[in-house]
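Visitor: Take a look at the following structure, please.
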Amino acid sequence: AFDISRLIYNLIQLNLIKDFMKVIIGSIDTLALIKKKFPERKGKGALKLTLLVKDLLTEPFDNAHDAYADVCALESLIQKYFQHEYLIQCVYKFNDSICDLKNSLSSKENERSLKPLQNVVSNYTIKKFANAGISILELQEKYKVN
């Protein structure tokens, strides 16, 4: 999810999102898939790609952190352990990811605008306001005294 939001943000900044969406309709959070499939894998590093390949594919993985090798290794894991139909059900559409990103950016902007209220209300309340789409300007407008 983290990588997708960064990718989408950059595609939007470069005005490439429409072209990208003509080819790609969504993404899958492979970490969430693997966590669900292998709940017994716990602890620091248990879900590292190098260990997953070594343990589950029983083959060495010498090219860790080489993007192409990482993708190939992940593809091998996914093909071996997940049915195609299941993967299709797990696709998170880019339109939804774009909405999530816009909401997140808007929420962060609202939260920054509400910082002057920190001495008056809790950080929790500020976050709730921000996530509800409320900014300091909206509060000032709503409660303007004539």
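Taken together, the values in this text are just the output of simple stated rules run on the coordinates, not laboratory data. None of the values given here were measured: they were computed from a predicted structure.
Visitor: Please compute the contact order of region 2-94 in relative form: average sequence separation of alpha-carbon pairs under 8 Å and at least six residues apart, divided by the residue count, as a percent. Don't skip to the answer; put the middle values down first.
Guide: Details: 44 pairs, mean separation 30.6, N = 93.
Once normalised by length, the contact order is 33 percent.
Visitor: Shifting gears a bit: Cut-off under 14 Å on the C-alpha distance; same-chain residues fewer than 8 positions from Lys127 excluded. Which aspartates and glutamates are left, in chain and number order?
Guide: Cα-Cα hits under 14 Å: Glu109, Glu111.
Visitor: For helix 94-113, what angle does its Cα long axis make with the longest principal axis of the chain, in degrees from 0 to 90 and rounded to 10?
Guide: Rounded to the nearest ten degrees, it is 40.
Visitor: (1) 1.20; (2) 1.04; (3) 1.12: which one is Rg/Rh (Cα atoms, Kirkwood Rh) as calculated from this entry?
Guide: The value computed from this structure is option (3).
Visitor: What does the C-alpha gyration tensor say about the overall shape of region 62-126? Classify as rounded when a/c is under 1.5, otherwise prolate if a/b is larger than b/c, or oblate.
Guide: On the way: a/c = 3.68, a/b = 2.38, b/c = 1.55.
Because a/c hits 1.5 or more and a/b exceeds b/c, region 62-126 counts as prolate.
Visitor: I want to verify a result. In a Gaussian network model of the chain, Cα cutoff 10 Å, which of these has the top mean-square fluctuation: Asn63, Asn95, Asn103?
Guide: Its mean-square fluctuation being the largest, the pick is Asn63.
Visitor: Please list, or write none, the lysines whose alpha carbon is within less than 25 Å of the alpha carbon of Lys37, excluding same-chain residues fewer than 8 places away.
Guide: Here the lysines satisfying the reach criterion relative to Lys37 are Lys48, Lys54, Lys80, Lys93.
Visitor: Then there's this: Under 5 Å between amide H atoms, partner at least 5 residues away or on a different chain: which partners does Gly26 have, H built in plane at 1.01 Å?
Guide: Here Phe94 satisfy the definition.
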